[in-house]
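First comes the structure, then the notes that go with it.
The values are calculated or read from the model by the stated rules, or taken from the named source; none is laboratory data. Small disclaimer: the values here were computed from a predicted structure and weren't measured. Here the Cβ positions follow ideal geometry from the backbone for every residue, glycine too, while neighbour counts run over all protein chains shown. The area values use the complete protein model at the heavy-atom level, side chains included, leaving out ligands, DNA and RNA. Shrake-Rupley method; radii C 1.70, N 1.55, O 1.52, S 1.80 Å.
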Amino acid sequence: MSPPPRPQQQGTPENGRKKAYKGQVDVGRARRRREAQLVQLRKTRREETISKKRRDEASSPSAEPEPDPLSPSDGLPSSSSGSGDADSEKFHEAIKGLWSENPSLQLEATIHLRKLLSVDGNWPIEEIIRAGVVPKLVKLLSNHKLPKLQLEAAWALTNITASSSDHTEIVIKSGAVSQFIELLGSPHNNVKEQVMWALGNIAADTERCREIIIENEGLVKLLNQFNEHVKISNLRIAAWTLSNLCFGKLPSKSQIKDIIKILVQLLNSIDEKIVSDACWAVYYLCNNETELVIKSGLCPQLVKLLMHSSIKVISPVSLAIASISAGDDSQIQCLIESGVIPCLFRILSQNYETSIKKRALMTISNICAGTNTHIQTIIDANIISQIVQISLNGKADLKKEALWAISNAACNSSPDQIRYLVDQGCIKPLCDTLISTQPDLLHACLNGLERVLETGETEKSGSNSNPYAKLVEECEGLEKLENLQWFDNDVVYDKTIELLEGYWDEEEEEEEEEEEEGSEGESEETREVIASPDDS
């Protein structure tokens, strides 16, 4: 069987393709610690929980009532009552009141504007901004004699930052960040809670926004909020804001160490929201400072939380553990020693969400890209049979991760471990994957099959046949390998030809020789039969 011409890829030099080829699976590729994947996980996080929060009436500050020498009168203007004209008139009255020198009118106006901003879509926020409200609200933050006014101004600004990046930028340019940070030192809990909320929204916007907060010592002053006197409502907002600030690279290792010290305590909280946000913060730190996370002793806590009852906790923890497993062998060993293997078995065995099972499989795949000892922990936990079943019958996303795990295990296993993988039925899913259109996965599966076939050479019987090559044929793998000769990727093409020529061309040549010998024998017999009458 002669191979077809090599497929050519446009715009890629031949030497570049050659450099891409490797005889064995690269560990970095096997663990798939690709920047694109990390970016996608970060995007997932933003979509899940880093979104900004608008504070409505139902989530009003829960602090105890504070001195309010200027309580507004009852019957404040409400944006939800009256006709459109009446609402517009009340809005313009509020704008006038905001610029009044009368603190009572300023407070009444600020409350009215805050109520408008508390209902999403109730008023065009651009109209409020065009009225010049933002700089005035920022100025009111400095009125320390009226904490109620500070609270309402901060609340209104918080809801402006909860909208678009453009609106957040307007708030920042008006000088609000430094004012918010200063108010972290306020003696009033509800004021501190509100400005932390505003800073959390700003931190959720862009990397530059987070940098502005950190440059103004916002992170340092936020960390000071975590003390034995903090109220639970403040602690929840502080944990959420901290997690948003951790979304990105922090400027100094000393700050990271301070953050980790606080996270160690937060992870032991009995409050689900606090634990969840602390776990997100840990996951973010794992993206940039995994070594510090491991040295801090957080791995056992993370593994324990993997069995938490709430999906809001399990989701970030599973991401953090998957991120750690994408590191070197020592990081994987830390997870194993922390007891992660039984947890992964349980996740695959029970009714967890698909996203959680996918991350568990990703972690298993990364462990299987490690040493023989690491792979043996997966084998001893009876996880291989689970992975095989998922690779054959699971959902598409889970199948892919299971196949990565099988491929990585096959590529890095000892001969005895390979025999175990074959006994568990790993050849069929590897062969089924040969119809994939993804070059990375195909290459991994081909390398896995190569290791299986190499081991099969040591299992040859007296007939001199490779039993694992026969199993590949029975799983229709040979036919799929032959079809891969036309796959438009040089790495896949090279490995396909190598397998076909190394494990099947020899058998075909032997069969052809046997056929030729048989034909020659038949011809000789024919000649003898024809010659016999003349001899008589």
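Could you work out what % of the accessible surface of segment 227-332 is carbon and sulfur, using a 1.4 angstrom probe and leaving DNA, RNA and ligands out of the count?
Working: 2160 of 4030 Å².
Accessible surface attributable to carbon and sulfur in segment 227-332 totals 54 percent.
Compute the length gained on full extension between residue 458 and residue 416: take 0.36 nm times their separation in residues and subtract their Cα-Cα distance, giving the result in nm to one decimal. Display every interim value, and only then the final one.
On the way: separation 42, 0.36 × 42 = 15.12 nm, distance 1.11 nm.
Stretched fully, the residue 458-residue 416 segment lengthens by 14.0 nm.
What FRET efficiency comes out for residue 479 versus residue 438 if R0 is 22 angstrom and r is the Cβ-Cβ distance? Round to the nearest 0.05.
Working: r = 20 Å, r/R0 = 0.89.
Efficiency for this residue pair is about 0.65.
Rounded, prolate or oblate: pick one for segment 282-429, where a ≥ b ≥ c are the square roots of the eigenvalues of its C-alpha gyration tensor, a/c under 1.5 means rounded, and failing that, prolate if a/b is larger than b/c, else oblate. Write down the numbers at each step before the final one.
Numbers: a/c = 2.03, a/b = 1.38, b/c = 1.48.
Cα axes put segment 282-429 in the oblate bin.
Just to be sure I understand: if I project the alpha-carbon convex hull of segment 373-445 onto a plane and average over all orientations, what area do I get in nm²? Before the final figure, lay out the partial values.
Numbers: hull surface 17.8 nm².
With every direction weighted equally, the projected area is 4.5 nm².
Within segment 317-352, what residues put their amide N at less than 15 Å from the label point 7 Å along the Cα-to-Cβ vector of residue 371?
Counting backbone N atoms under 15 Å from the label point, the list is 328-338.
Starting from the Cα of residue 330, step 7 Å along the direction of its Cβ; do the same at residue 486; then give the gap between the two resulting points in nm.
Those two pseudo-labels are separated by 5.1 nm.
Over the heavy atoms of residue 349, what accessible area does a 1.4 Å probe trace out, to the nearest 10 Å²?
Roll a 1.4 Å probe over it and residue 349 shows about 70 Å².
Rounded to the nearest 10 Å², what accessible area does residue 229 show when all protein chains are kept and the probe is 1.4 Å?
150 Å²
Provide the gained length on full extension for the span residue 207 to residue 252, in nm with one decimal, where the gain is 0.36 nm per separating residue minus the Cα-Cα distance.
Numbers: separation 45, 0.36 × 45 = 16.20 nm, distance 1.56 nm.
Gain in length upon complete extension: 14.6 nm.
Is the shape of segment 252-324 best called rounded, prolate or oblate, per the rule: a/c under 1.5 gives rounded, else a/b larger than b/c gives prolate, else oblate, with a ≥ b ≥ c the square roots of the Cα gyration tensor eigenvalues? Could the numbers behind the result be given before it?
Values: a/c = 1.90, a/b = 1.43, b/c = 1.32.
Prolate is the answer for segment 252-324, as a/c is 1.5 or above and a/b outweighs b/c.
Would you mind calculating the gained length between residue 229 and residue 311 on full extension (0.36 nm times residue separation, minus the Cα-Cα distance), in nm to one decimal?
This chain segment gains 26.6 nm when fully extended.
Starting at the first residue of segment 345-351, write each ³J(HN,Hα) from the Karplus equation 6.51 cos²θ - 1.76 cosθ + 1.60 with θ = phi - 60°, in whole Hz, x for Gly and Pro.
4, 5, 4, 6, 7, 10, 8
List the GluC sites (Glu not before Pro) within segment 90-131 that fall in a DSSP loop (any state other than H, G, I, E or B) and whose Cβ has at most 10 other Cβ atoms within 10 Å.
Details: sites: 93, 101, 108, 126, 127; in loops: 101.
Listed in order of number, the matching sites are 101.
Using a 7 Å offset from the Cα along the Cα-to-Cβ direction at both residue 173 and residue 501, what is the distance between the two label points in nm, to one decimal?
It is 6.5 nm.
Rounded, prolate or oblate: pick one for segment 206-271, where a ≥ b ≥ c are the square roots of the eigenvalues of its C-alpha gyration tensor, a/c under 1.5 means rounded, and failing that, prolate if a/b is larger than b/c, else oblate. Mind showing how you got there, number by number?
Working: a/c = 1.87, a/b = 1.62, b/c = 1.16.
Because a/c hits 1.5 or more and a/b exceeds b/c, segment 206-271 counts as prolate.
At a 1.4 Å probe radius, carbon and sulfur cover how many percent of the accessible area of segment 345-481? Walk me through the numbers on the way to the answer.
Numbers: 2430 of 5220 Å².
Ligands and nucleic acids excluded, carbon and sulfur give 47 percent.
At what distance in nm do the modelled label points of residue 93 and residue 215 sit from each other, each positioned 7 Å from its Cα along Cα→Cβ?
4.3 nm
Report relative contact order for segment 227-313 in percent, whole number only (criteria: Cα-Cα under 8 Å, sequence separation at least 6). Don't jump to the answer; show the numbers that get you there.
Details: 58 pairs, mean separation 27.5, N = 87.
Once divided by the residue count of segment 227-313, the mean separation gives 32 percent.
Assuming R0 = 60 Å, can you tell me the calculated FRET efficiency for the pair residue 130 and residue 337, based on Cβ-Cβ distance, to the nearest 0.05? Walk me through the intermediate numbers first.
Values: r = 60 Å, r/R0 = 1.00.
Step by step, r from the Cβ atoms, then E = 0.50.
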